[in-house]
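Structure record follows, encoded as structure tokens.
The values are calculated or read from the model by the stated rules, or taken from the named source; none is laboratory data. The structure displayed is predicted, hence computed values, not measured ones. Note that each Cβ is placed from the backbone with ideal geometry, even for glycine, and that neighbours are counted across all protein chains shown. In case anyone asks, the SASA skips ligands and DNA or RNA and just uses the protein heavy atoms, side chains included. Shrake-Rupley method; radii C 1.70, N 1.55, O 1.52, S 1.80 Å.
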Amino acid sequence: MHDFHYYQNELYCEEVPITKIADEVGTPFYLYSFHTLENHFKVFDSAFDGIDHLTCFSIKAASNLAILKTFINLGGGVDIVSGGELFRALNANVAPNKIVFSGVGKQIKELEYALTTGILMFNVESSSELTILNQVAGRLGKKAHIALRVNPHIDPKTHPYISTGLKKNKFGIETTQAIENYQAVKKLEHVESIGIDCHIGSQITELSPFVEALRKVKELVQLLKKENIEIKYLDLGGGLGITYQQEQPPHPKEYAEVLIEEMKDLNCTLILEPGRVIVGNAGILVSKVLYLKQGTEKSFVIVDAAMNDLIRPSLYAAFQAIQPVVNTGGEEMVVDIVGPICESGDFLAQDRKITCLKPNDLIAVMSAGAYGFTMSSNYNSRPRAPEILVRGKEFHVIRERESYGDLKTGIPDSE
Ligand code: LLP
């Protein structure tokens with residue numbers, strides 16, 4: 001559910017007509033609903049009320065401070081994968097003991113930053129990372145609390161680029177090597193294991209891969225107990241999918257019910273790292289039609305947003321629903337909706353049926369709140385779009401549109 005809806009043929013975000021925002025800030029822009037963000041977080045988090053848990057929003061999905069603060073104010077923690085995300089999280093005032101640090105290639109300066117901050121735990125992905133973390137912690141006079149991220153070899157049945165829990169993926173430590181790695185931790189003076197972690201992929205629309213993964217992790221927790229290695233935190237990662245088109249992912253309540261059932265004999269705090277399910281349908285990308293072009297094989301609607309603004313269709317062949325902001329009904333056309341970038345891979349939709357559009361019409365690319373702005377770039381030297389947050393009758397620019405001044409890199413001014 002989300003708060004984008006038509007009223008008298010005009011698309012609104014909560015109580016604000018989107019045309020009004022476009023008039024004031026120009027296009028393209030990302031637009032989020034505060035109410036949807038808050039509601040999605042509450043629904044997800046409260047679904048786990050029955051057990052000890054911590055919901056750590058995965059910052060990579062949406063990293064604007066105003067968005068992060070929304071979840072932090074509701075008691076959430078964060079899942080970070082870089083020093084930059086740690087910096088953002090701290091600026092959004094998250095409690096350090098609600099931060100988990102994931103990622104296969106943490107740099108030494110990032111380890112130092114996180115150790116100095118005093119985060120809850122590092123999700124370690126290799127024995128080599130353990131060795132370095134031990135050295136860095138020793139040098140700083142700190143103790144690093146860790147979970148080992150294990151790779152349970154489960155097919156999450158999603159796009160291959162966002163499957164992470166298969167043996168061929170670079171992530172985690174194979175389950176067969178987990179125990180020996182935990183034993184190795186015992187010998188490290190500056191590292192202490194407190195948890196276990198796994199994340200099998202993203203945009204997962206069935207429950208069974210999560211349950212299978214949790215069962216494999218549970219087996220390891222039992223084996224570790226026999227070795228006198230106590231696991232206080234079980235981090236199951238993120239991955240719950242959303243509806244972009246026809247998908248029918250489980251509701252967070254159903255997801256929580258099966259996980260709670262599996263967790264009941266474990267005596268661990270469950271950590272979750274949702275990203276997409278919280279923000280995906282809470283944000284859209286608004287763009288303006290520039291030109292129409294009728295070819296002999298294809299018709300094109302050329303808009304002012306491009307693959308630098310939203311790369312998901314180009315990169316994953318992802319479907320994003322597209323709606324006219326003012327829906328006058330009328331005839332439909334089948335078109336490719338493309339951006340100004342000099343690549344044929346620059347499209348937002350291909351062979352898409354949509355109400356006939358004309359120059360200056362606005363379109364809304366739906367479900368763009370997750371991995372939309374955060375994956376945007378300056379490709380073709382295009383300034384990045386602003387981010388706008390609607391709350392009731394008001395809207396706020398939570399990130400300014402970049403200007404040409406922001407592109408002035410490479411040659412120092414003095415030369
Ligand atoms: N935890 C870890 C360790 C992750 O790697 C990810 C996502 C998450 C949590 C959050 O997963 P979510 O709940 O959002 O599915 N750019 C791609 C998605 C990449 C996901 C990467 N990892 C896309 O646009 O579909």
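List of remarks:
- Over the chain, DSSP H runs of length four or greater, each weighted -39,500 (n - 2.57), average out per residue to a 222 nm ellipticity of -8000 deg cm²/dmol.
- Report note on the peptides 220-232, 263-275: ranked by the mean count of other C-beta atoms within 10 Å, highest first, their order is 263-275, 220-232.
- Centre separation in Å (Cα based) which lies between segment 381-412 and segment 172-195: 44 Å
- Carbon and sulfur %, accessible surface of segment 141-220 computed with the full protein complex present, 1.4 Å: 48 percent
- Excluding same-chain neighbours fewer than eight residues apart, the aspartates and glutamates reachable from K353 by a Cα-Cα span under 13 Å are E331, E332, D336.
- Nearest-ten-degree value, helix 127-140 long axis tilted from longest Cα axis of the chain: 80 degrees
- Beta bridges per DSSP with both ends in the chain, % antiparallel, nearest 5: 50 percent
- Using θ = phi - 60° and Karplus 6.51 cos²θ - 1.76 cosθ + 1.60, couplings along segment 206-218 (whole Hz; Gly, Pro as x): 10, 7, 4, x, 5, 5, 4, 4, 4, 4, 5, 5, 4
- On a per residue basis, segment 30-74 carries 32 Å² of accessible surface, using protein heavy atoms and a 1.4 Å probe.
- Prolate/oblate/rounded label for segment 325-415 (Cα gyration tensor, a/c 1.5): oblate
- Think of the chain as having a plus end and a minus end, set by charges on the Cβ of Lys, Arg, Asp and Glu; of L74, P96, V326, P96 sits farthest toward the positive end of this dipole.
- Seen against the Cα atoms of the chain and their longest principal axis, helix 108-117 is set at about 80 degrees.
- Charge tally for G118 (other residues, Cβ to Cβ under 13 Å; Lys, Arg +1; Asp, Glu -1): +2.
- Segment 257-415: C-alpha gyration tensor shape, a/c 1.5 cut-off, then a/b vs b/c: oblate
- Solvent exposure of segment 215-367 as accessible area per residue, Å², 1.4 Å probe: 45 Å²
- Accessible surface of segment 19-124, 1.4 Å probe, proportion on carbon and sulfur as whole %: 49 percent
- Dipole magnitude of the chain about its Cα centre (Cβ charges: Lys, Arg +1; Asp, Glu -1), debye to nearest 20: 740 debye
- Partner lysines for K98 [C-alpha distance under 19 Å; skip if fewer than 8 residues away on the same chain]: K42, K60, K69, K106, K142, K143, K232
- Gyration tensor (alpha-carbon) shape descriptor, segment 1-118, a/c threshold 1.5: oblate
- Alpha-carbon centroid distance for the pair segment 229-267 / segment 1-63, whole angstrom: 22 Å
- Segment 258-371 - percent of accessible surface contributed by carbon and sulfur, probe 1.4 Å: 50 percent
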